[in-house]
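Report on the structure given below.
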Amino acid sequence: MIPLADSNHQFDITIVGGGMVGLSLALLLAAQSRWKVLVLESKAISAEGAPQYSASFDARSTALSWSSRCIFQKMGIWQKISQHAQDISSIHVSDRGHFGMTRLEAEEAGVDALGYVVENSWLGAVLMQQVSEANICLKGDTAINAITPKADSMQLEIDIEGQQQQIDSKLLVVADGADSACGKMLGINQHSKAYNHSAIIANISLDQAHNKVAYERFTDQGPMALLPLKDFNNSHRCALVWTQPTDQAQQLMAVDDSAFLEALQTRFGHRLGLFKQVGERVSYPLALTTSEEQVRRRLVVVGNAAHSLHPVAGQGFNLSLRDIECLSQCLKNQPQITDVGALEPLLGYQKQRDSDQRNTLMFTDNLSKLFGLTSPAIALGRNSGLLMMNLVPTLRNQFAHFGMGTGQSGVDHG
Ligand SMILES: Cc1cc2nc3c(=O)[nH]c(=O)nc-3n(C[C@H](O)[C@H](O)[C@H](O)COP(=O)(O)OP(=O)(O)OC[C@H]3O[C@@H](n4cnc5c(N)ncnc54)[C@H](O)[C@@H]3O)c2cc1C
């Protein structure tokens, strides 16, 4: 990691936001050994060291698609991530209280795994360690006071650990999450549609092995996912993402652990045996938020700051990873352009990502709506759809490849 003092406060690329997307992009760019990269994170960053794995019950988990695995492989960090990633060999999709169900199988789709589930705490620790070893300048405890577009740079006025600093950067990447403060400073409009649903996440321990099966269950109140986690200390575990109307989620957040487990068991049934223990529960209000602009001269908006989706089918981070891999390729593939903030490659990036972004947004939005409807005719239609998928392997394969991020990105992850 390079110290800020050595930089002259001039950077090629400054990334605002050291979340999973900001750090991944910093690594992709640093691998090109071409750019001076700075990451600014508002939270304080603790002293780095070897990544520590903690199987705490408070962590959110992410289902990584096959295409994300391929991107992390190219970055050289998949081996480390996979130490605590659980592979998914089949996904059981069903509509609670109705006849429709389908099962997607890795073997049928011709892959080793349909995806991988990794706790965010581990993924974050691996990314952070890699950043600390790369040629990247990372600063925590920062606050951005002003951003001024200049002819040949973006000028940032920042407090870093309480000290005012000015930074000039040829390209500014906004990766500061769904309620992007930087986007607002730059006058970028966001469109937001609240789902009036919240997702409760928690880790659950099981009395039997999950056998690498992920369950996506659609209920009349919203989708519920139980994703297999790696066993820890001989304990079988899975990650719960339980979506429901916000008022009901609030009630469930207020009950004690045994009442919560009882409600979950009643709702989900016994396909995973008995739910024994629940870790810390966290509730996320859900909205579909999109940024009206993603590129300008010297500016790109990525990650949740560009599009924040419903978590059904676990697509948000996977989509962003495909975005930033494409962005790093577009910047790399323009040898004649010496100014990394030039508009042309950024427009090329936007054009290449448009269809995958639109399809994924539409897919998750429609899925959340379709399965939330209770009308008997619609229930019959979607159950017939699930039944059809169960009967027709080609349909099932297309659905599996969409989820793996290999069906639509147009990016070669071979
Ligand atoms: C319940 C739930 C389950 C999910 N499951 C999945 C899944 O299984 N698979 C999947 O692909 N996706 C999943 N997602 C989506 C995924 O979590 C997001 O896509 C991902 O977290 C986006 O990362 P990000 O870095 O863009 O934003 P964030 O994670 O929000 O990170 C933004 C970073 O910017 C920092 N920041 C904010 N403001 C500033 C500022 N002014 N200056 C500097 N730094 C700033 C923040 O501190 C933070 O570190 C899920 C989401 C939810 C809510």
Any residue at all in segment 136-154 that is under 28 Å from residue 342 (Cα atoms), under 19 Å from the mean Cα position of the chain (by Cα) and open to solvent by less than 30 Å² (accessible area, probe 1.4 Å)?
no
Yes or no: residue 41 within 16 Å of residue 136 (Cβ to Cβ), at pLDDT 85 or above and surrounded by 14 or more Cβ atoms within 10 Å (Cβ to Cβ)?
yes
Of the residues that sit in segment 312-324 and are open to solvent by 10 Å² or more (accessible area, probe 1.4 Å) and within 6 Å of the ligand (Cβ to nearest atom), which one is nearest to residue 226 (Cα to Cα)?
314
Taking segment 237-252 and keeping only residues that are over 18 Å from residue 315 (Cα atoms) and either hydrophobic (A, V, I, L, M, F, W, C) or open to solvent by 10 Å² or more (accessible area, probe 1.4 Å) (or both), one is left with 238, 245, 246, 247, 248, 249, 250, 251, 252
Could you tell me how many of the residues in segment 18-41 are within 8 Å of the ligand (Cβ to nearest atom), out of contact with any strand residue (DSSP E or B) (no Cβ under 7 Å at 6 or more places or on another chain) and in a loop (DSSP other than H, G, I, E, B)?
1
Would you list the strands (runs of 3 or more DSSP E) that sit entirely within segment 272-368 and hold 3 or more residues that are more than 25 Å from residue 74 (Cα to Cα)?
275-278, 282-291
For a quick check of your reading of the model, give me the residue pairs whose first member lies in segment 218-235 and is under 20 Å from residue 64 (Cα atoms), whose second is among the hydrophobic types (A, V, I, L, M, F, W, C) and in a loop (DSSP other than H, G, I, E, B), with beta-carbon atoms closer than 8 Å and at least 6 apart or on different chains.
223/312; 223/371; 225/312; 226/272; 231/209; 232/55
Being small (Gly, Ala, Ser) and closer than 27 Å to residue 33 by Cβ is the filter here; which residues of segment 124-150 pass it?
124, 125, 132, 134, 140
Residues of segment 271-287 being surrounded by fewer than 17 Cβ atoms within 10 Å (Cβ to Cβ) and of a type in the set (Lys, Arg), which ones?
271, 276
Among the numbered criteria (1) over 17 Å from the mean Cα position of the chain (by Cα); (2) more than 16 Å from residue 92 (Cβ to Cβ); (3) open to solvent by less than 30 Å² (accessible area, probe 1.4 Å), which one does residue 234 miss?
(3)
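Per-residue answers, yes or no, for (1) of a type in the set (A, V, I, L, M); (2) near the ligand (Cβ under 7 Å from one of its atoms); (3) within 30 Å of residue 263 (Cβ to Cβ):
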{"site": "292", "(1), (2), (3)": "no, no, no"}
{"site": "299", "(1), (2), (3)": "yes, no, no"}
{"site": "307", "(1), (2), (3)": "no, no, no"}
{"site": "310", "(1), (2), (3)": "no, no, yes"}
Taking segment 155-185 on its own, how many of its residues are open to solvent by 10 Å² or more (accessible area, probe 1.4 Å), within 12 Å of the ligand (Cβ to nearest atom) and in a loop (DSSP other than H, G, I, E, B)?
5
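The values are calculated or read from the model by the stated rules, or taken from the named source; none is laboratory data. Treat the numbers as computed from the prediction; the structure is a model and nothing was measured. Neighbour counts run over all protein chains shown; Cβ positions are idealised from the backbone, glycine included. The area values use the complete protein model at the heavy-atom level, side chains included, leaving out ligands, DNA and RNA. Shrake-Rupley method; radii C 1.70, N 1.55, O 1.52, S 1.80 Å.
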